Amino acid sequence: RKEVEQDPGPFNVPEGATVAFNCTYSNSASQSFFWYRQDCRKEPKLLMSVYSSGNEDGRFTAQLNRASQYISLLIRDSKLSDSATYLCVVVKDYKLSFGAGTTVTVRA
Amino acid sequence: GAVVSQHPSWVICKSGTSVKIECRSLDFQATTMFWYRQFPKQSLMLMATSNEGSKATYEQGVEKDKFLINHASLTLSTLTVTSAHPEDSSFYICSALVPRDSLGQPQHFGDGTRLSIL
């Protein structure tokens, strides 16, 4: 079983739509959680941290459910520039485990 | 903010060539750096943890004699892919631990190196 699993998508959505997707992780001792964004042939860039209480950053909302070991990301009012692959990242003892990514394509 | 520079960004070379990739921390000291590899449509996979002044710790399945890591200074780690073959073609990314990062980022990433072996 992979440490971090994500729905690969792709999610094709029109501008202005809301899109949401999850990832699950296998290690219950994982300590911190993040969503990264990766554009084609580029390095991953931090989008936001994820907390059990849920957190928002503009149009992005992330949620962590430790009991069920899943993490979610919701994007409201999608923009063309949101098209990317979103990586779920789980950290334990400074080691990062990456999901394979969920591809989102926002169309005009 | 903390900047990690990786060089070169793109390498194309013949099979059998050894390729060196550099990872530098530009404005901070990085005692611990990491090397990842990413194949198309797959997740980043940790290859090894590089500690300044000591031997790297390799993940299971990564050949230490093929992927030589040197971390001789607090600002530079290098990964050398020895006798590279087409199956080594991949996207290699380094990262560095940044202590007390105000944004909560666990690691800062270099720009990545796209390696293509013909």
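The values are calculated or read from the model by the stated rules, or taken from the named source; none is laboratory data. Computed from a predicted structure; not experimentally measured. For neighbour counting, all protein chains shown are included, and Cβ atoms are generated from backbone atoms with ideal geometry for every residue, glycine included. Keep in mind that these areas ignore ligands, DNA and RNA; they rest on the heavy atoms of the full protein, side chains included. Shrake-Rupley method; radii C 1.70, N 1.55, O 1.52, S 1.80 Å.
Some notes on this structure:
- At R0 = 25 Å, FRET efficiency that the Cβ-Cβ distance of A:THR18 and B:MET45 yields, to 0.05: 0.20
- ³J(HN,Hα), Karplus 6.51/-1.76/1.60, whole Hz, each residue of region A:51-62, x for Gly, Pro: 10, 4, 6, x, 8, 10, 9, x, 7, 9, 10, 10
- Solvent-accessible area, 1.4 Å probe, carbon plus sulfur percent, for chain A: 47 percent
- Take the Cα of A:ASP57, step 7 Å toward its Cβ, do the same at A:LEU74, and the gap between the two points is 1.8 nm.
- Minimum 20 Å² accessible area buried by the other protein chains, region B:41-90 residues, probe 1.4 Å, relative to alone: B:SER43, B:LEU44, B:LEU46, B:GLU59
- Each residue, A:SER28 and A:ARG1, gets one label point 7 Å from its Cα in the Cβ direction; the gap between the two is 1.1 nm.
- Buried accessible area, chains B and A (both chains, 1.4 Å probe, Å² to nearest 100): 1500 Å²
- Under 30 Å from B:LYS64, Cα to Cα: lysines that are on another chain or at least 8 residues apart: A:LYS2, A:LYS42, A:LYS45, A:LYS92, A:LYS95, B:LYS14, B:LYS20, B:LYS41, B:LYS55
- The mean accessible area for residues of the protein assembly as shown, using a 1.4 Å probe and ignoring ligands and nucleic acids, is 50 Å² per residue.
- Solvent-accessible area of B:HIS108 with every protein chain in place, 1.4 Å probe, in Å² to the nearest 10: 20 Å²
- Protein-protein interface of region A:61-108, residues with accessible area decrease of at least 30 Å², isolated chain reference, 1.4 Å probe: A:TYR94, A:LYS95, A:LEU96, A:PHE98, A:ALA100
- Each label point was placed 7 Å from the Cα along the Cα-to-Cβ direction; for B:ASN70 and B:GLU87 their separation is 2.7 nm.
- Highest-MSF residue in chain A out of A:SER81, A:SER52, A:SER26 [GNM, Cα springs under 10 Å]: A:SER81
- Accessible-area order (highest first, 1.4 angstrom probe) of the listed residues A:ARG1, B:ARG24: A:ARG1, B:ARG24
- By the Cβ rule of 4.7 Å, the protein assembly as shown holds the following cysteines without a possible disulfide partner: A:CYS40, B:CYS13.
- Normalised by the number of residues in region A:1-95, the mean separation of alpha-carbon contacts (under 8 Å, six or more apart) gives a relative contact order of 36 percent.
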